[in-house]
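See below for the structure under consideration.
What follows draws every value from the coordinates through simple rules; no lab data is involved. Here the structure is a predicted model, which is why all the values come from computation and not from measurement. Every residue, glycine as well, gets a Cβ built from its backbone with ideal geometry; the counts of neighbours run over all protein chains shown.
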Ligand SMILES: CC(C)(COP(=O)(O)OP(=O)(O)OC[C@H]1O[C@@H](n2cnc3c(N)ncnc32)[C@H](O)[C@@H]1OP(=O)(O)O)[C@@H](O)C(=O)NCCC(=O)NCCS
């Protein structure tokens, strides 16, 4: 079952372990995930999860400031990819951003993350800036934008 819901404080453990599984050395620490979940509960972030029964198998984090909505994270557990989960989460973030009066969405992705780049381009994002050597190993960061 591919269900979407707003994250709860109870989801912290599952999101923190998905972070490590998906992002490895670049994972947010448990404290950082806790800060995001707490910020979401307080309304300064929007955090949604994609679930399969009781299990969280994907999550996405949005921050709205002024006319810009930043996608801070979007991730799906490997065995649940290509099920449309990230697309569904991004659509939900887009709706939230629109309702907050944002005019554009921004995100940053490593230039060597080919799968994520294909996903974002398929979702209508375009490359607007390159940050040379931004990631570990001198990998460039790409800033992508989608007007709303
Ligand atoms: C990028 C990511 C979030 C996509 O999640 P997903 O749930 O598999 O994406 P969807 O199923 O919604 O994909 C929708 C479309 O995007 C494109 N797409 C998604 N992943 C792709 C990949 N690895 N390679 C090529 N195209 C891809 C396809 O067009 C796909 O449609 P299709 O399956 O009908 O061909 C997921 O691969 C992931 O978690 N990656 C690791 C974390 C990450 O890199 N996050 C982004 C960092 S900025």
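Sort 110-120, 9-19 by the packing proxy (mean of other Cβ within 10 Å over each peptide's residues), most packed first.
Values: 110-120: 15.1, 9-19: 17.0.
Result, highest mean first: 9-19, 110-120.
Arranged from fewest to most other beta-carbon atoms within 10 Å of their beta carbon, 105, 63 become 63, 105. Our helix-only sum for the chain, with -39,500 (n - 2.57) per DSSP H run of n ≥ 4 divided by its residues, gives a mean residue ellipticity at 222 nm of -10500 deg cm²/dmol.
Taking neighbour counts of Cβ atoms within 10 Å as a proxy for exposure, in what order, fewest first, do 30, 45 appear?
Details: 30 15, 45 19.
Starting with the residue having the fewest Cβ neighbours, the order is 30, 45.
Cβ crowding within 10 Å ranks 102, 52 as 52, 102, fewest other Cβ atoms first. The orientation-averaged projection of the convex hull spanning the C-alpha atoms of the chain amounts to 8.3 square nanometres.
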